[in-house]
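**Student:** This is the structure, below, for whatever I ask next.
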Amino acid sequence: MSRCRFEDLIDGYLLNKLSQEETEHFEEHYFNCARCFSKLQEREEIIRAIKAQGPALVENLEEKQPRWVSWADEIWLVLNNRRWVVAPVLAALLLMAILIFSPFSREQPPSFVLNGENIVRGQAINLISPIIDVNQIPLYFEWKKQGEDLQYKISLYDSHNNLIWSASTKETRIALPEEIRQQMKPGEKYSWQVKALSSTGTLVAVSSRVQFMIKSD
Ligand SMILES: [Zn+2]
């Protein structure tokens, strides 16, 4: 199977090292790329195990390699450079031990369904309101619940697709702050979108971007 050029972004994504733009670009891609998607799930478990075992180890690795390289490259570098301390090697061995011997340290990955050739990557989030036209500037945004222990990130855009507001919540409804409401104008079109993130911050579901207009009468 040929390598996907987005694979290099997986570790950076999981460690929050990508820019906002890169993150969005990557999220759009991996949701539709079976290869990146399964790789991401693998790596997420590895990173989660390492973080659980010792945040210091992760920091250590990050400091030494400001431009992120893959864990495999990291281990390779360590083995080829005696001046490097043994901590990363131990970390790698510890990690293997954890993955092999401790089933309890594996949390369930986010609820994706793999069904033969068809890969269903979570469900689309259904937006409840506002949709289509509304009579007044919305007070709340509301959507359907996707699962347990998810963080929802909402983004609101103006008619030129500029982000005018973004917020996160564990609820399925969020109030639109007064200062944002005051910027919004009747007669204008807006759109909004919700993304659901797992407890470790990976994207598990997205809504479509829904447009609404505030009636101007
Ligand atoms: Zn890919």
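**Student:** If you go through region 1-54, how many residues are in a helix (DSSP H, G or I), away from the ligand (no atom under 15 Å from the Cβ) and among the aliphatic types (A, V, I, L, M)?
**Tutor:** Residues flagged as in a helix (DSSP H, G or I), away from the ligand (no atom under 15 Å from the Cβ) and among the aliphatic types (A, V, I, L, M) within region 1-54 amount to 5.
**Student:** If you go through region 154-161 one residue at a time, do you hit one that is in contact (Cβ under 8 Å) with a residue 24 or more places away in the chain, touching a helix residue (DSSP H, G or I) at 6+ places or on another chain (Cβ under 9 Å), assigned by TED's automatic domain parsing to the domain that holds residue 203 and not in a loop (DSSP other than H, G, I, E, B)?
**Tutor:** The answer is yes; a qualifying residue exists.
**Student:** Ok, one more. Could you list all residues from region 178-206 that are within 24 Å of the chain's Cα centre (by Cα) and in a loop (DSSP other than H, G, I, E, B)?
**Tutor:** Answer for region 178-206, where residues must be within 24 Å of the chain's Cα centre (by Cα) and in a loop (DSSP other than H, G, I, E, B): 198, 199, 200, 201, 202.
The values are calculated or read from the model by the stated rules, or taken from the named source; none is laboratory data. Just so it is clear, the model here is predicted, and its values are computed rather than measured. Ideal geometry is used to build each Cβ from the backbone, glycine not excepted, and the neighbour counts take in all protein chains shown.
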